[in-house]
Every structure is written in structure tokens, then in C-alpha cells.
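Heads up: the structure comes next, in C-alpha cells.
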Protein chains: 2
Amino acid sequence: MPIKMMKSLLLMMLVFINIPSLSAKEHPNLILTQEGVEQIRKNLGKVPLFDASLAKVKAIVDAEIADGIDTPIPKDFSGGYTHYRHKQNFIIAQQAGVLYQILQDDKYAVYVRDMLFQYEAMYKNLPIHPMVRSYAPGKLFWQCLNDSNWLVYMSQAYDTVYNFLSAQERSTLENNLFRPFADYISLANPAFYNRIHNHSTWGNAAVGMIGLVMDDEELIQRALRGIVDDGLEVGGIDNDGGTIKVEGQKRGFLANLQEPFSPDGYYTEGPYYQRYAMYPFLIFALGMENAKPELGVMQHKDNVLLKGVNALLNLTDADGEFFPLNDGQKGMSYFTPSLVTAVNVAYHYGDQNPQLLSIAQTQNEVLLDQAGLAVAMGIRDNKALPFAKTSVNLTDGANGDEGGVAVLRYGNEELTNVFKYAAQGLSHGHYDKLSFSLYAKGAEVLQDYGLSRFVNIGQKGGGNYLKENTTWAKTTIAHNTLSLNQEMHFKGQYAVGSQHHSELYVYDDSRPEVQVVSATETNAYPGTKMHRTMVMIKDENFTKPFLLDIMKVATNAKQDYDLPYYFLGQVISTNFEYASQSTLVPLGKKNGYQHLYLEGQGQPSIDNTKLSWLNEGKFYTLTSATNTTDELLFTRMGANDPEFNIRREAALIIRRNDTQDTTFATVIEPHGSYSPVTEASLDSSSNIANLAVVHDDEQYTAIQITDLSGNVQLFILANLDAKASTTHRLKIADTTYDWTGAFYYH
Amino acid sequence: MPIKMMKSLLLMMLVFINIPSLSAKEHPNLILTQEGVEQIRKNLGKVPLFDASLAKVKAIVDAEIADGIDTPIPKDFSGGYTHYRHKQNFIIAQQAGVLYQILQDDKYAVYVRDMLFQYEAMYKNLPIHPMVRSYAPGKLFWQCLNDSNWLVYMSQAYDTVYNFLSAQERSTLENNLFRPFADYISLANPAFYNRIHNHSTWGNAAVGMIGLVMDDEELIQRALRGIVDDGLEVGGIDNDGGTIKVEGQKRGFLANLQEPFSPDGYYTEGPYYQRYAMYPFLIFALGMENAKPELGVMQHKDNVLLKGVNALLNLTDADGEFFPLNDGQKGMSYFTPSLVTAVNVAYHYGDQNPQLLSIAQTQNEVLLDQAGLAVAMGIRDNKALPFAKTSVNLTDGANGDEGGVAVLRYGNEELTNVFKYAAQGLSHGHYDKLSFSLYAKGAEVLQDYGLSRFVNIGQKGGGNYLKENTTWAKTTIAHNTLSLNQEMHFKGQYAVGSQHHSELYVYDDSRPEVQVVSATETNAYPGTKMHRTMVMIKDENFTKPFLLDIMKVATNAKQDYDLPYYFLGQVISTNFEYASQSTLVPLGKKNGYQHLYLEGQGQPSIDNTKLSWLNEGKFYTLTSATNTTDELLFTRMGANDPEFNIRREAALIIRRNDTQDTTFATVIEPHGSYSPVTEASLDSSSNIANLAVVHDDEQYTAIQITDLSGNVQLFILANLDAKASTTHRLKIADTTYDWTGAFYYH
């Protein structure tokens, strides 16, 4: 049933039956509702996954209650004890509140109450956190962001024990703790609160949620609309390098919902931050849906939040790990609690997509509320269908017109290509226009490095961003895309990068055997147009799908090009000679080059360059149509890295110096396997005999792939007209090719 | 029931019931027996794991039959097609023969017959293999070793279709193929056939097995006793550097069973080669047991073969992967088919140890013979018990008096320490006296590098040993043990190393919380005695077990010491300053040092050196009682490695120059965890406040460990008298310690 119908129906029902829980003073009414609690209690013992999740949470909370409450004086960065303890406290308090409602055992309410009063006692006189590093320091934590996390969870805890507390107790908590807390993260920190940024989303949600519990209309409006007069000047930079105030920018929860999400539900910072922001977005939207459904927050921007859940799930590899676009920490996956929330909410408040149930099955955990119950019942009733990840093209930008991210997939995620032609991605964006990464099932074939940070590991820069995030991870040469003259895209200038985005040229996933995404970038290097086309091909003469990568450059002067491929694994063979240095020196002095060692340097021996490698039991070969004047560089990360912050991983860089217009054509070909148990090495060689650019001018670029058996395939791209209806004719050698649409493949 | 009783019982039964299959001409009688076939056929459809294994093999063989038989003219090294194809042929032929017996479908016998006749047609005129690299080139393969593999399997195939063939067909095969084949790998290649070496074991078994099928007593004797007059001179080196003939050396299968196995079943080359040799040992012993039980081959040397299976299983990590002692390829595990054979045979022909059934369950596969049936029935009948890996001390040497390998384990393989104080290990031995490696469950904490080879990957040196196996993998500095003056143990001289072994000083696993192994080495560096003691401790004040490592050196001159720890993972923190080079140069010119880059160099800031790292979600800290004049080197493998044959992995080397007698004391402490999903960093710091050598003289060495809460533990080793009955008294500072036995811990 569509959301809007559901909502109408619900409102109608409410009119007729006048459920008392709707009255403003009934609690819980924020996330868990009175009706939800009744449903849950009726079904206890009857819904296996719900019962298991309840038992797990109960065991954790009981152990914490046995340990006693600790609310230490704040002193540590993330990674330190006080940070960990206060974070653990709000998580456990929220869970204890839920247990109180479901199990109706007062010990849980007592625990929440006592913890809240310990905070109340401490907060009244608490100074700003002693570790001053953030542009917006918190009080319990080193940044307002974490304080906001605390309030988002504690609002829920408060809601669940609201009726357990006396009016006097509530008044004390609200006056001494909750309202000052909400005011501190908003009124006292407008630079944190009034941005378009995931930080502000947490802040807005925190203020809004406590506003809903306290039934405080002023706080709710402050959450939805932001602080009207924040006194901030345009400009200003946070400690991650993000701009704080942009001219004419909106503010508040609704603006944060409006701006960073594209109509497809892609969040401009990338999936790692979307996963993080998803929780406050959904939880406050849900609070609004329960308390004030007439405002339609949950359905804002044509249900973009629910679309966002789907986008996020599609931005994972076969193991459920998010593609580490921009600042993303590898390993984060849909097993994270915020994705349990996302999947449960999207199922229950969306259209009960049975594919979401299989994700929930994999997560093996549900929320302890009416959404979690619905999911667990769906699984119990065998409604789950496999979550089929197919190719997807997600627009970026509030209006969906600022580039995007395309994910080409073949088979059951046998090969997955992630192509980024998006906008800058706010302060967490990398300078990697038209970059890509490649996955075979859950294994990275060509990696996106991700961020340079050890989140919450205190010994590593307090668990915060390391300087190598700027000097390495964000740089252009750190990515599988083209660098000109050893410069970064937009010269690494955030303000410039933020004004631009790449443009989609064509996206076509209609034929699984020949899927195409193509995009252009004209601003990263003024005067230069980069046009990259990625084709995922499953050819009957190849046992596995492969990727054709065409990077065509048109420019106004001669340039030095570097095109890296960050392969993971062990070099198996090359078809070119290279000199190997026994002394390693950095490849350059800046723009990320200072972090690369040059391990080998050679030149193509023929017009095709081949590199084969082995990773996690699979062979891969890169075949590139190179010139014999090109240089081939084996590099390894880790130069000028005294703290060992950078992983020691390799790349092959194709270097083409002193060249004006040019085209790089490369195939990445997975093949064969190796098992250390059977010691069988199967199909360990490339099946490509030759790769050639057989035609290349302004209008058309044609790539010919010849396999070892002599079979020939031709891919032609019409470079200037991608319309599906346009007919094209091109003569190559003695053959004339006629086709309709952007490309030809046969 | 003990083996001997079983055997007697069996013989008695045979006397009375006179089973016809015992007659020399009945087949099959080699591995599968007629009685076994009857049992199997009676139980088809009733034993799930057997049925599943049968179905799997049938599917594979049916697919191969559908593909047709290919016996290409030999031309490739391992890793190439002809190598792969001939190997696949003998595996499939053996399986097809078994299917013929079990399913009684002639198509399988026809397949085996046709394949054998294709070989017969080719072999008559086949020259020696064109790839001449082995000291003993084969004909179907580049080395006699692989030809022997072929004959071991094909003998079984022949036995199963023996009665399907006409006398004329058998005569043709025996005269043109099998006898010439057996003669070629033995009489024509005595250097291969007459050694004490896994190569010869395969050769002996091959000749013996075809001898058993052909009922040829001369071949059987040649298998058991070797070639009496081989015409070889003493000395001679194979292509792996192993000696071919040693003065007074015995030969043949029985000698190979006698010599390399210790009484505990440890095989001197190490588990990787034991796993490889186990198959011919067991399969020929089994053939002898079936055909000539009166010779007692299976029970030779007090059942050493069955003990060997147990030793081998104990030389695996928690994932079932063999410790890569000496030349071992990482990843090889008890999932390999030869271990399915080993486990099945040890269960059925041994004492039906129900713990073996749980390994078989994990393998999820059984042999298609009477042993496999027995295992599958045991599993079906819920007889399986967990295979409990505990600490074990395995002697090396034919008489168990040439050192050994000790594996200390705590908990359910929570921490596993592998300490090698063995003999040289024949030609596959490494120069790593008193080295160790450490595992936490299946994860390597401090690694043993293993071999430098990509077995069967043709592009990497034909799949054979790479030169880096000699220049790097075998060297002393490549291991977690002490190097003096940048020299290798025994100066890397195989002949010298082969004359010596380390000596056990004490082994005590009687208290799980304080397990000790200690050994000495006096020959690796003449004039120097190294005495290493490893203590696995689970202290109540530490959440996890840790390892105390004491290396005490007594020497006749000043030396330069290097003690490396090859940690895996990302550096998290150090407590010392170090200079980091932006240009990397090799650490030395030879003895493995040429393959190490120096990434950082510093000195201890206090009398304790600490390095913490993170690997696969776990934190580890090394704490060492260093001098402030020591040097601390961060190294990385991969220098002078133009073919990228060496993995780029790290070590911390503790360097102590210009010093005579000295003691290194180090704790390796696993602690805490990190999850990229929850982003929780728990217990990320060491719990050790101080580690000190509080007493150290010729008689006693005492190490004191103080934790962060101030708890103090003391370990004292009596260096010269390990007798359990000796009483000791030592005064340290103002306290007198009295104890009995080799060590004190409290």
C-alpha cells in the first residue's frame, strides 16, 4: 500500500476510534507507540527473530545494569574511555526504556531514571569538553555531533519512562538537562546546527525529538526550520575543511532532507555518511510520523527517505559492505544498527517490500518496536524474497541534476563496477572525478582507498581524520582516475570543486551482456574534457564478465597524464620489461604523489600492455592499448608516512607524457582461480589476444577486442550524440557499421 | 581395539571363512576390496555423507566423461595445460574405477580402459619430458615425482577394472605401460627412487601398488626395500638443494617410513610435506594391509603412520590450516584430499577415535571405500566428538632424539604458539633454529613466512620454487628468531645444518595457565649458545592469554644481534621515537637482508619498548625489556624483488650490537577488538606497565611483569637444571624464592 494511502487510512481510523495514545500527554509516542507495545506484548514468544532480538538486548542491558551506572567527567577523544562510556550509556538507556515498555519490569525504568538524574546532576555545571579540536565542541563529548547522538537516543529513553516519572522529576530533567542540552547544541552552536551537513541533521533531530517528547512546539520548529537568525557570516570552515555557511542556504531538518538527497535517494556525501545520517533522518521522521503525521515529514520530497534506504542497500558489495566513496571507512556494512533501523522502517512504513526481509534475515536482528515486529512476522511467515541487486544509476544533487553514481552489475554480483561522476560531496568529498572501483563478489579487484582514519581508535590521531586523509586519501592520484600534470582535480580547491559536477553522457543497462555508463568532466582541469566510458561485457567466448574502460581526453595543450589502477594482490606476470629499483624514492613531492614509492618503471614492449595478478584465489588481467612511448609505473603507497597510517598497497600507473588529445582503452578481465588447498591453478591467463583503438576522432571512438581464438568484438561510442534515436554510420577499414543510439557492440 | 588385535582377529576370521577375495587373482583387492564393495552397495542410500560424496564424485566424473578423454603430448611445467590434464586424468580415472565398482555401470570401466589404452599407445614411444629442470625428469610430467603420482592413482584405477579387462588387454597394458612406467621411475632414476625423501616415497608406493595389482613380487620387494645396487655415488644434489645419497643410508618404502618419521609421527620436512607424503604412505600401506597383512606394513614402527595422522591434525591452526614450517605453502589445510584419506584411514584402521569424525564432518567428504563408509556411518550414528586440539610436543628424528616442534595452546585455540627446535628437515628445511609463530584462532599474529613459491602457477617460475625461496624464505632473518652478525644459522650450509638439531630443555603443559617450552641451540653459531623459553600465560588480571618469550644468549665474543618479530597488520602506536626514511634502502646485501627495506629506525626511549598493532579486528602489543642502546628497526619485505615474488609485510627488529652474553625478554599480548561495523574500539591498549629482567646469570633468569593495576608476576627459569625434582632457591632484591622443578611462576 502506498504511504499516502496508509497515512490517510490511519488518520481515518483515528478519527473514528479515538485512540487515547494520540493525546499529547500519552507516552510512549515517539518511536515505540502504545499500540506498538500492545502488539508486541500480544506476540511475545510467537515471532522467533523478534524474540531472539529481545533476548539479546535483554542480556546486554541486564549485564550493564549489573555493572552499575557510570557517568564519568568527560575528558577523552573518541577512542578513549569517557567517550566510549557516554556513548554506551545512551545506547543502553534507549534499550532499557524499550525493555521497560515490553517487559513491564520497573528495574529498567529505574535504571533509565537513575542514569538521567546522574546526567542531570553533572550537566548543570558541566563546562565545554576539555579536548578542543572541533569547530563545535560538545560537553559530554569532544564535538556537538556526539552530544546530539546522545540526545537522539536519550529522548527515546525519556519517552519510554515518561509515565514512570513523577511530574516533579520530569520538570527537573527538562529544565536542568534536556532543554539546556538542546539549547547548547543549537542556539549556542549555530555553526554546527544551521548547516546543510550530516552534523546538523543529528543536531536537528536531537532537538526535534526531545521537543516531541516534551511537546515543545518551539523546539520542534527549531528542529524543522533551523535557527532563523543564526548571526553567522557566510563562509567559515569546520575542522574537516567543510564550509559552514553558504549564501542563501536553507537550514533545519527539512532543508537537510531537501538538499543532500537526490530524488533517487543518493546522499551527496556518499554511502558511509548516508548510513550515519540515515538514523537521525529516519528516527526523527518516524517520531514526526507518530506524533504529527499531518506534517508529512516521513513523506517529504516524494518519499526520499525510503528511497534512500533502497539506494543505500544498492551501494553495497556482495558482502553488504558499503562502497567507500569519498570519506568512507572500509568494512562498514548493512549489519550496522542504523541499517537495521533503515530496513525495518522502510519495510513497515514503506510498501512492505519482501526483498527487504531477506536483508533483515541476514542482519539476524530487528528493532524492538512495531517496525521490527512487522519484519520479524514477515520472516516468520516465509514472505522473504532475495534482495536482487541489479545495475543502478543514482543521480546526485537536490534536483538530481548534479551527476551521479552508477553501479553496473553482472550476474549475482559476479562483477560490480562502481563509477563516480558525482558532485563534490560536501566536506567529505574526494577529488576523484570519473573514478571507479571494481568488485568480484565481495572482493575488491581495483580498490577505492576510502578514508585515512581509524574511527574511534584513540591512538590514531584521537580516532579522528588523519592528515593523510588530506595529503593522500582525498587526492586525485589516490584514485582510479586521470591526473593531469600531477595536479589534483580543481587543484584540490574545495570551493571550486563544490561548484561543479560531472555530466552523465549515457547510461544503459537494458542488455545485461553489454551495459554502458559514460560521463564527461570539463571543470576538473579547465580547458580539458575527460570523457570516460565503462562497458561491462559478458561475451560468450569469455568465461567471466569483464570491464572495458575508455578514457578519452580532448584538451587545449599538451599534458602529462597519469592513469592509475589500484590492483590488490600479487603480481603474476607482465608482458613488458621494467627496471626495478632496489632503492625506493617517492614519485613526487605533493598532491598525493609524495606518498607513492616507485617500485618499477618500464615501457610497453608492444602496443598492448598486460598485467596479471592473483587476489583471494582469483586471477585478473589488465590489458591496455598503450603506445610504446608510454611509461608503466609500479607504485606502492606508504612513502612519507612516518606513523604508518597508509596501507602498503600497489598500483600500475599508465603514464603518457607531453600529449594533447588522447584515448586510453583498457580491459580488466577476471579469469580463473587458484586454491591453496587443491593447488589447482585454473585458467590463469588472459583470454585477450589484442585490444586496439581502431578508430578515434571527435565523433566516434571504436575499440576492438580480439580473443585468443581469434574472435573479434567491436565497441563503438558516438562521442557527441547519445540520443537513443539517432542513427550512426562509421566506416572502419573496409567495413561500414550502421547503428542507432549511443553505442554499437557486436 | 588395538590394531594388532584387530589384525589377529581378521586373520582368524579369514582362516575360518576363507573369503574368496583373498585369492591373489581377485580384484579389487588394493584399496577398495570386494568385501568393501559389498558393504557399500548394501548401504547405498542409507549413509548421508557417503551418499553425498558419491554423488559429488559421480557428477565430476560424468562431466569429464562427457568432455572426452585427452592425453596430450607432454610439454608444460606445473601450471601448464598438459601438466594439469595428466594430473586430472589420473584423479578422474581412479574415481571412475571406484564408481564402476560401486555403481556397476560399465561406462566407467570403459572410460578407464580407454584412457589407459591411450596412455599405452603414447607411452611406448614417449621421450623424456622436454622441460628439463628436475634432477629426475619424468615422461608425462617434468619430474618423476609427478609420474609417480600418476602411477599411484592409476594402479588403483587398474585394480578396479582389472576383471573388466580381458587377459589380452591386461597383458598389453602391463607390458607396454605399467612395467616400463614402474621401471622408468625406479631403475632408470635411482637418484629419485632410492632416497630418504618424500619423492622416493611416492616412487616406492607407485612401484609397490602396481606390483600388488600385477601380483609381481619383484616390484613389491623393489618398493619395500628399494633398488639394492643403485650405482649412485655418495653425495649429489637435487634441484631443491637436497642431498641425494648419504653414506650408509637405507632405501625403499620401509626405510622412508623408518627415517623421516619420529616415534610421535612428526615428519621431519614439516606438515606441508607430511600432508603430501601422507597419501602414498597410507595408500600403499593400506594396499599392503589388504593384500599382504602378514607383512605388517601398516603397523610398522609402532603404528607410526596412524600417529602421523594425529600429529598432522595437531599441526593446524583453528581453521585447519597447516603451520607453514620449513617450505610450506600457506592455506594448505586438512581440507586437502590426502587428509580426507588420512582421517578416514586412521579412523577405520586405527582405533575408531570419535574425534576424527568431527574432522571428517568439517571436511564434509569421505572416501568411496570401506574406510569412508565407516566414517560416514559413525557420523550418521552421532558418534562424532569435537577434535580437541591441546598443547603438544612432537619429537623430531627417527628415534625421537633430534629436537622437535612444540605447540602451546590456550583455550579453544584462542592463542597458539608454534615453537620449532627441530632438525634441519631435509632439503625443505629452513635455517630458523628456535623460531616461532603465533596464532589467535585462525589468524596469524606473528607469522612464519612459509615458502617462496606459487605452487602450480606456471607464470611464476613454472610453478616451482623461486630463487627467493633460497635468498629469502629459507634465511634466518626471515624468521622470528635470532640472527648473529647478519649471518644465517650454519652459515646457510645445508650439509652442516643437517648434522645438528636443537635440544629440548623443558616442556610442561600440565598447568594450562602457565605452559612452558624451552630449548637450546649450540651449533647454529659455533661458540654461541641460544636458549629460548616460551611461556604461554593466562593471568587473571589479563583478559586474554599472552606469550612471554625469553631468548638468552651465552657466547664467546661480542656479537651483533637482530631479533625480528614479523607482525601482520597496521601499526597503532609505539612508545619510542623513530626516524622515518622517505627514501628506502635495503637493510643489507645478503643472507635475506637484501630483501628487507628499512622503513624506520629508532631507539628505546625507556627500558621498555612497546609496539601495538591491529590485525583482523584484534589489537596486539609487543612489550620488550630493551636497553636504551638497542636499535629498533621497522622493516618491510620486498627489496630486490623485481618479479614481485615476496609479499610486502612488516617486522620490528630489535637490534643489539657489540654485545656478548645477553637476554631478550618480550611479551606478545593480544588484547581488545575493533569492529568496522560497530566502530567500537575496545581495550585497545596494553595492560602491561613494565616488563623487566630482574635477575639474569648463568643459573637463573627471572622476568617480572607488572600490569597497569600494579599486580606483579614473576617467572624464573633455572637455566641449567630442568629436572622436576630439583629444588631451587633464589634471592631477588629482598625476597627469597623457593621452588621445585625447572621454573617458578607466581
Six or more apart or on different chains, Cβ under 7 Å: which pairs go from a residue in region A:582-598 that's without any contact (Cβ under 8 Å) to a residue 12 or more places away in the chain to one that's open to solvent by 40 Å² or more (accessible area, probe 1.4 Å)? Could you list them? A:Ser582/B:Asn640; A:Thr583/B:Thr583; A:Thr583/B:Val585
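I'd like to check something: does region A:606-620 contain any residue that is over 35 Å from the mean Cα position of the chain (by Cα) and not acidic (Asp, Glu)? Please lay out each step first, then the result.
We begin by selecting, within region A:606-620, every residue over 35 Å from the mean Cα position of the chain (by Cα); these are A:606-608.
Filter once more, keeping what is not acidic (Asp, Glu): A:606, A:608.
There is at least one residue in region A:606-620 that is over 35 Å from the mean Cα position of the chain (by Cα) and not acidic (Asp, Glu).
Restricting attention to region B:84-92, does a residue exist that is touching a Pro at 6+ places or on another chain (Cβ under 9 Å) and under 29 Å from B:Arg380 (Cβ atoms)?
Start the filter on region B:84-92 by keeping residues that are touching a Pro at 6+ places or on another chain (Cβ under 9 Å), which leaves B:85-86, B:91.
Filter again for under 29 Å from B:Arg380 (Cβ atoms), leaving B:91.
The answer is yes, given that some residue of region B:84-92 is touching a Pro at 6+ places or on another chain (Cβ under 9 Å) and under 29 Å from B:Arg380 (Cβ atoms).
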Residues (within 11 Å of another protein chain (Cβ to nearest Cβ) and of a type in the set (A, V, I, L, M)) located in region B:558-586: B:Val571, B:Ile572, B:Ala579, B:Leu584, B:Val585
Are any residues in region A:514-533 open to solvent by less than 10 Å² (accessible area, probe 1.4 Å) and not in a strand (DSSP E or B), and if so, which ones? A:Ala524
Name the residue, out of A:Ser673, A:Ser685, A:Ser709, that is closer than 30 Å to B:Glu649 by Cα, open to solvent by 50 Å² or more (accessible area, probe 1.4 Å) and either small (Gly, Ala, Ser) or within 14 Å of chain B (Cβ to nearest Cβ) (or both). A:Ser685
Using beta carbons and a limit of 6 Å, which pairs, at least six apart or on different chains, have the first residue in region B:322-351 and within 19 Å of B:Ser53 (Cα to Cα) and the second one β-branched (Val, Ile, Thr) and buried (at least 20 other Cβ atoms within 10 Å of the Cβ)? B:Tyr334/B:Thr316; B:Ala342/B:Val309; B:Val343/B:Ile359; B:Asn344/B:Val366; B:Asn344/B:Val375; B:Ala346/B:Val309; B:Tyr347/B:Val375
If you go through region B:358-367 one residue at a time, do you hit one that is under 19 Å from B:Leu394 (Cα atoms), assigned to a loop (DSSP other than H, G, I, E, B) and not assigned by TED's automatic domain parsing to the domain that holds B:Asn469? no
Residue satisfying condition, being within 14 Å of chain B (Cβ to nearest Cβ) and open to solvent by less than 20 Å² (accessible area, probe 1.4 Å), within set A:Ser262, A:Ser333: A:Ser333
Which of the following residues is more than 14 Å from chain A (Cβ to nearest Cβ) and either under 30 Å from B:Val61 (Cβ atoms) or open to solvent by 10 Å² or more (accessible area, probe 1.4 Å) (or both): B:Leu385, B:Leu339? B:Leu385
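Give me a count of the residues in region B:726-746 that are open to solvent by 60 Å² or more (accessible area, probe 1.4 Å), out of contact with any strand residue (DSSP E or B) (no Cβ under 7 Å at 6 or more places or on another chain) and not in a strand (DSSP E or B). Even if it seems obvious, please write down each step before you answer.
Within region B:726-746, the subset open to solvent by 60 Å² or more (accessible area, probe 1.4 Å) is B:727, B:729, B:731, B:733-736, B:738, B:740, B:746.
From the residues that got through so far, the ones that are out of contact with any strand residue (DSSP E or B) (no Cβ under 7 Å at 6 or more places or on another chain) too are B:731, B:733-735.
Filter once more, keeping what is not in a strand (DSSP E or B): B:733-734.
Residues flagged as open to solvent by 60 Å² or more (accessible area, probe 1.4 Å), out of contact with any strand residue (DSSP E or B) (no Cβ under 7 Å at 6 or more places or on another chain) and not in a strand (DSSP E or B) within region B:726-746 amount to 2.
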Looking only at region B:302-330, which residues are within 14 Å of chain A (Cβ to nearest Cβ), in contact with a Phe, Trp or Tyr (Cβ under 9 Å, 6 or more places away or on another chain) and either among the charged types (D, E, K, R) or in a strand (DSSP E or B) (or both)? B:Thr316, B:Asp317, B:Glu321, B:Phe322, B:Asp327, B:Lys330
Quick check: anything in region B:295-305 open to solvent by 20 Å² or more (accessible area, probe 1.4 Å), within 29 Å of B:Ile92 (Cβ to Cβ) and touching a residue at least 12 places away in the same chain (Cβ under 8 Å)? no
Of everything in region B:398-408, what is in contact with a Phe, Trp or Tyr (Cβ under 9 Å, 6 or more places away or on another chain) and within 14 Å of B:Leu504 (Cα to Cα)? Give them in sequence order. B:Gly400, B:Gly403, B:Gly404, B:Val405, B:Ala406, B:Val407
Within region A:611-620, can one find any residue that is in the same structural domain as A:Val455 (by TED's automatic domain parsing), more than 30 Å from B:Trp613 (Cβ to Cβ) and of a type outside the set (Gly, Ala, Ser)? yes
Is one or more of the residues making up region B:577-587 β-branched (Val, Ile, Thr) and either modelled with pLDDT under 95 or buried (at least 23 other Cβ atoms within 10 Å of the Cβ) (or both)? no
Which listed residue, of A:Asp105, A:Asp67, is within 30 Å of A:Gln459 (Cα to Cα) and either surrounded by 22 or more Cβ atoms within 10 Å (Cβ to Cβ) or modelled with pLDDT of 95 or more (or both): A:Asp67
Unique match (being more than 10 Å from chain A (Cβ to nearest Cβ) and of a type outside the set (D, E, K, R)) among B:Leu614, B:Leu632: B:Leu632
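Yes/no per residue for (1) within 14 Å of chain A (Cβ to nearest Cβ); (2) closer than 23 Å to B:Gln559 by Cβ; (3) of a type in the set (A, V, I, L, M, F, W, C); (4) surrounded by fewer than 22 Cβ atoms within 10 Å (Cβ to Cβ):
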site	(1), (2), (3), (4)
B:Asp661	no, yes, no, yes
B:Glu669	no, no, no, no
B:Glu679	yes, no, no, yes
B:Asn690	no, no, no, yes
B:Glu698	no, yes, no, yes
B:Ile703	no, yes, yes, no
B:Leu717	no, yes, yes, no
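Please verify whether A:Gln221 is part of a helix (DSSP H, G or I), within 30 Å of A:Ser171 (Cβ to Cβ) and not hydrophobic (A, V, I, L, M, F, W, C), treating the condition exactly as stated. Please lay out each step first, then the result.
On the way: part of a helix (DSSP H, G or I): yes; within 30 Å of A:Ser171 (Cβ to Cβ): yes; not hydrophobic (A, V, I, L, M, F, W, C): yes.
Here the answer is yes, as A:Gln221 does meet what is asked.
Yes/no per residue for (1) part of a loop (DSSP other than H, G, I, E, B); (2) modelled with pLDDT of 95 or more:
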{"site": "A:Lys420", "(1), (2)": "no, yes"}
{"site": "A:Gly450", "(1), (2)": "yes, yes"}
{"site": "A:Gly462", "(1), (2)": "no, no"}
{"site": "A:Asn480", "(1), (2)": "yes, yes"}
Evaluate region A:591-600: report whether one residue or more is open to solvent by less than 20 Å² (accessible area, probe 1.4 Å), closer than 19 Å to A:Thr662 by Cα and away from chain B (no Cβ under 14 Å). no
Kindly list the number of the only condition in (1) in a loop (DSSP other than H, G, I, E, B); (2) within 29 Å of A:Ser502 (Cβ to Cβ); (3) open to solvent by less than 20 Å² (accessible area, probe 1.4 Å) that fails for A:Val407. (1)
Given (1) within 14 Å of chain A (Cβ to nearest Cβ); (2) out of contact with any Gly (no Cβ under 8 Å at 6 or more places or on another chain), identify the lone condition not met by B:His479. (1)
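Looking at region A:150-205, what helices (runs of 4 or more DSSP H) fall wholly within it and have at least 1 residues that are at pLDDT 95 or above and open to solvent by 30 Å² or more (accessible area, probe 1.4 Å)?
A:167-173, A:179-185
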Note on region B:342-357: residues outside any loop (DSSP other than H, G, I, E, B) and either surrounded by 19 or more Cβ atoms within 10 Å (Cβ to Cβ) or within 13 Å of chain A (Cβ to nearest Cβ) (or both) are B:Ala342, B:Val343, B:Asn344, B:Val345, B:Ala346, B:Tyr347, B:His348, B:Tyr349, B:Leu356, B:Leu357
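Any idea which of A:Ala519, A:Ala495, A:Ala554 is closer than 18 Å to A:Thr659 by Cβ and among the small types (Gly, Ala, Ser)? Show your work before the answer.
Numbers: A:Ala519 fails: closer than 18 Å to A:Thr659 by Cβ; A:Ala495 fails: closer than 18 Å to A:Thr659 by Cβ.
Exactly one residue qualifies, and that residue is A:Ala554.
The values are calculated or read from the model by the stated rules, or taken from the named source; none is laboratory data. A quick note: this is a predicted structure, and the numbers were derived from the prediction, not measured. Reconstructed Cβ throughout: ideal geometry from the backbone, glycine too, with neighbour counts over all protein chains shown. With ligands, DNA and RNA removed, areas are computed over all heavy atoms of the protein, side chains included. Shrake-Rupley method; radii C 1.70, N 1.55, O 1.52, S 1.80 Å.
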